[in-house]
Amino acid sequence: MTLPRVFVVGAGRAGRALAHAMRVAGVDVVGLHGRGEGIDITWGKFPSSLATATVVLVTVRDAELDGALSELAGASLSSEVVVLHASGSAEPAALDHLRALGHPCGTFHPLLPLTDPTRATEQLKHAWIGVDGDEDARAASRALAAAIGARVLEIPAGEKARYHAAAVFVSNFPVVLISVGARLLELAGVQDDSARGALGTLLTAAAQNALAMPPAQALTGPVVRGDVETVRAHLAALAETPEILELYRAMSREALPIAEQAGADSARLDELRRALS
Ligand SMILES: NC(=O)c1ccc[n+]([C@@H]2O[C@H](COP(=O)([O-])OP(=O)(O)OC[C@H]3O[C@@H](n4cnc5c(N)ncnc54)[C@H](OP(=O)(O)O)[C@@H]3O)[C@@H](O)[C@H]2O)c1
């Protein structure tokens, strides 16, 4: 497939990062359209370059997606122009209108926390892009993903919310876990720079292990050791921070079946289950 000519609507973190990565990869990005002034960004009325695009990629926040797609529907684009959007969870109603106008529509959702464009360009080379939608839209997404070096994950029909929840677990919650760990160490009286340094190395090593081997082999800690007394001590220590206690219980309960697979003693696991319920 010849490389699409892309017009990006939404010049925030995702839009700027994707536009930059595509340009570096040699994709013809004919416009980056936002809502305010910026280098190489248009705003206000759509510029004439929109008419030269074969793909429009909409990268605005989910709540603003229907509005941005409706503006596009009013832009008299040629019907073969593919309309993609970058939301991992939204199924915007305005896509129905665009489809009625003949546009193939779909999702192009980078499974990556996009921050600054230069960093994202490198990270996208190893990333996966979640795609769904009409066949021509999926073909355009595959071509764009291949151009920037990324691979494609086909989102099963009707499963977008579950797909996106999985992405949130893996991309957002490690940030939350570091924040929880740092808070506990701070309450224990550890200096902030030592806390962040130590927790950072721990998280990196745990993530590397989790990716290098099956969960039953990668899991360490009191649950897989069947160490009921240590878990009880943790529960008591967390009583002053009930929201963290709740998290600890929920995460530890999820660790129980992994510990079972790892061959942990079943009587101890039963005792742990009772302590954690
Ligand atoms: N960032 C990520 O890590 C990431 C990763 C994968 C997918 N995504 C997806 O990408 C989308 C955007 O996320 P983001 O993080 O880039 O959000 P963001 O940084 O807030 O950027 C959204 C941008 O869209 C602009 N905008 C809103 N309505 C517009 C319109 N009608 N026309 C032109 N520009 C408009 C906003 O302008 P104002 O600032 O004036 O409101 C803002 O600059 C979301 O669907 C998100 O799920 C993001």
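The values are calculated or read from the model by the stated rules, or taken from the named source; none is laboratory data. Keep in mind the model is a prediction, meaning the values are calculated, not measured. So basically every Cβ, Gly included, is an ideal-geometry build from the backbone, and we count neighbours across all protein chains shown. Note: areas computed on protein heavy atoms with side chains; ligands, DNA, RNA excluded. Shrake-Rupley method; radii C 1.70, N 1.55, O 1.52, S 1.80 Å.
Taken over segment 20-34, the criterion of being assigned to a strand (DSSP E or B) and within 14 Å of the ligand (Cβ to nearest atom) is satisfied by Gly31, Leu32, His33, Gly34. Do we have any residue at all in segment 128-150 that's open to solvent by 70 Å² or more (accessible area, probe 1.4 Å) and assigned to a loop (DSSP other than H, G, I, E, B)? Checked segment 128-150: no residue is open to solvent by 70 Å² or more (accessible area, probe 1.4 Å) and assigned to a loop (DSSP other than H, G, I, E, B). Against the conditions (1) exposed (fewer than 14 other Cβ atoms within 10 Å of the Cβ); (2) more than 12 Å from the ligand (Cβ to nearest atom); (3) charged (D, E, K, R), Glu37 satisfies every one except (2). Among the residues of segment 104-118, those identified as within 9 Å of the ligand (Cβ to nearest atom) and part of a loop (DSSP other than H, G, I, E, B) are Leu111, Leu112, Pro113, Leu114, Thr115. For Leu124, the stated conditions do not hold, so it cannot be described as assigned by TED's automatic domain parsing to the domain that holds Gly34, modelled with pLDDT under 95 and open to solvent by less than 40 Å² (accessible area, probe 1.4 Å). Against the test of being assigned to a helix (DSSP H, G or I), in contact (Cβ under 8 Å) with a residue 24 or more places away in the chain and among the small types (Gly, Ala, Ser), the options Ala63, Ala17 yield a single qualifying residue, Ala17.
The sole residue among Ala17, Ala51 that is under 19 Å from Leu98 (Cβ atoms), modelled with pLDDT of 95 or more and not aromatic (Phe, Trp, Tyr) is Ala51. Beta carbons closer than 8 Å, at least 6 apart along the sequence or on distinct chains, never pair a first residue in segment 196-220 that is surrounded by 14 or more Cβ atoms within 10 Å (Cβ to Cβ) with a second that is among the charged types (D, E, K, R). Just one of the listed residues (Ala250, Ala237, Ala206) is in the same structural domain as Arg183 (by TED's automatic domain parsing) and closer than 15 Å to Val180 by Cβ, namely Ala206. Within segment 226-252, the set of residues being in contact with an Asp or Glu (Cβ under 7 Å, 6 or more places away or on another chain) and in contact (Cβ under 8 Å) with a residue 60 or more places away in the chain is empty.
Taken over segment 55-103, the residue count meeting the criterion of being open to solvent by 20 Å² or more (accessible area, probe 1.4 Å), more than 24 Å from the chain's Cα centre (by Cα) and within 11 Å of the ligand (Cβ to nearest atom) is 2.
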